[in-house]
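Data block below; observations after.
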Amino acid sequence: MAVLVDPKDIYQWNFAVDILKKGEPVVLPTETVYGLAAPALREDSLAKIFHIKDRPTFDPLIVHVLSGESVKDLSLEITPLHRRLYSKFWPGPLTLLFKKTDKVPDLCTSGSEWVAVRSPSHVVFRRALEQVGVPLAAPSANRFGRISPTSALAAVQELGPRGVEVVVDGGDCFWGLESTVVKIVGDNSLEVLRPGALSIEAIMECVGDDCKISVREEGHGMQMESPGLTESHYAPENKKLFFVENFDEVFASLVGRDLQKTVLVAVYSDLVSQKYLKLNWGRVEILSESGNDLEAAAKVFRILRELDHSEMQDIFVLKCADKGLGRAINDRFKRASQKFGIKSPASPP
Ligand code: TXA
Ligand code: MG
């Protein structure tokens, strides 16, 4: 079982750093979700990450660096748009794709000529970057396709049984959702490959009206470009999750049913009208009563993980508006409803 390390205890911390220096993966906190980190430029270390996560090697890893300066070694070309974006949003939850140099192993990018890079803001991760002295690859610290961990304990549950030695405890993650992944295409356009903790509105404001922004929709194109963004991801292991865009459509089929083992999840309370609440749900979960999207986002993976181990059997999630963090929240719930090839039935049970 994995050892929990307190980063404030210098002996424990040095133990974790030594393991990283040897090239072994260690779970570290970031401001988005916990990551399974190891030296990004060492193939043997990358192979260990893939093995621990049980992740197919066609799904590339994000490289974490201290600053825009550190990208020079990794990238053949840094465009003005790259500079504008990382000057504004690094350190923080933005991942940018760059044309890679030969220093970056093909295993890291799954053979792509593009490498994904971000600079995390979490003090513990940054301290690791400083002391290990090399870029660190870090996917979310969950088994492939499972719910991303937003606490040290969740990471221990995910990867302890898979043989990870050390999990550094940095408390609950601030954002609770992964970074936004962006590819710059041409001089003045960019594509959002994964919606995430940095809102598209904030990106638009930074790049200005002239820049064309597109959001890659789910489907084959995205799977090839960003293979980890397969339709089904984040699925609870033991429960069925229904992502409901328009509750009125399914309402009639639920009236009179025994919903005692069913939970209703809504992001904000104003999405749930009284007629929905009157049903005999086993549980109702509102992610943020006060309508605070930061609070709601931070709870998405936590609630999914908790419900997965609860006595509830089915989970109904109401879609929220596709704006700000709502876009990433909807994205995660939607993928969680598409369990490994089994689509949610058109009509609920
Ligand atoms: O917030 C985050 O980004 C977290 C923390 C730990 O930094 N990391 C994370 O990594 O979410 P991961 O591996 O769970 O998700 C990375 C996503 C995957 O969907 C992967 O396919 C995509 O980014 N990706 C990575 N490298 C890529 C590349 N070279 N080209 C296209 N997509 C890439
Ligand atoms: Mg992940």
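General remarks:
- Pick from segment 129-148, criterion within 9 Å of ligand 1 (Cβ to nearest atom) and not hydrophobic (A, V, I, L, M, F, W, C), ranking: surrounded by the fewest Cβ atoms within 10 Å (Cβ to Cβ): P139
- Meets criteria (surrounded by fewer than 21 Cβ atoms within 10 Å (Cβ to Cβ) and within 13 Å of ligand 1 (Cβ to nearest atom)) for W114: yes
- Applying the condition of being assigned to a loop (DSSP other than H, G, I, E, B) and closer than 30 Å to L294 by Cβ to segment 69-107 and asking which residue is nearest to ligand 2 (Cβ to nearest atom) yields P93.
- Answer from R83, R55, R42 - the residue that is more than 20 Å from the chain's Cα centre (by Cα), open to solvent by 30 Å² or more (accessible area, probe 1.4 Å) and touching a residue at least 60 places away in the same chain (Cβ under 8 Å): R42
- K239 falls short on exactly one of the conditions (1) over 29 Å from I62 (Cα atoms); (2) basic (K, R); (3) within 16 Å of ligand 1 (Cβ to nearest atom), and that condition is (3).
- Flag if S112 is touching a Pro at 6+ places or on another chain (Cβ under 7 Å) and polar (S, T, N, Q): yes
- Tallying residues that are part of a helix (DSSP H, G or I) and crowded, with 21+ Cβ neighbours inside 10 Å within segment 304-329 yields 6.
- Selection of first residues in segment 130-142 that are away from ligand 2 (no atom under 12 Å from the Cβ) and of second residues that are open to solvent by less than 30 Å² (accessible area, probe 1.4 Å) and assigned to a loop (DSSP other than H, G, I, E, B), restricted to Cβ pairs under 8 Å at least 6 apart or on distinct chains, gives the following pairs, ordered by first then second residue: V134/A40; P135/A40; P135/V65; P135/L74; L136/A40; A137/A40; A137/L61.
- Inside segment 243-292, residues that are open to solvent by 60 Å² or more (accessible area, probe 1.4 Å) and assigned to a helix (DSSP H, G or I) make up a count of 7.
- Strands (runs of 3 or more DSSP E) wholly inside segment 156-197 that include at least 1 residues being open to solvent by 10 Å² or more (accessible area, probe 1.4 Å): 180-184, 189-194
- The lone criterion from (1) on the phi > 0 side of the Ramachandran plot; (2) at pLDDT 95 or above; (3) more than 16 Å from ligand 2 (Cβ to nearest atom) left unmet by G186 is number (2).
- Residues of segment 134-158 that turn out to be under 17 Å from A298 (Cα atoms) and either in contact with a Lys or Arg (Cβ under 6 Å, 6 or more places away or on another chain) or of a type in the set (A, V, I, L, M, F, W, C) (or both), as a count: 7
The values are calculated or read from the model by the stated rules, or taken from the named source; none is laboratory data. Since this is a predicted model, take the numbers as computed values, not measurements. Positions of Cβ are generated from backbone atoms using ideal geometry, with glycine treated the same way; all protein chains shown enter the neighbour counts. Note: accessible area is taken over every heavy atom of the protein model, side chains too, but ligands, DNA and RNA are not part of it. Shrake-Rupley method; radii C 1.70, N 1.55, O 1.52, S 1.80 Å.
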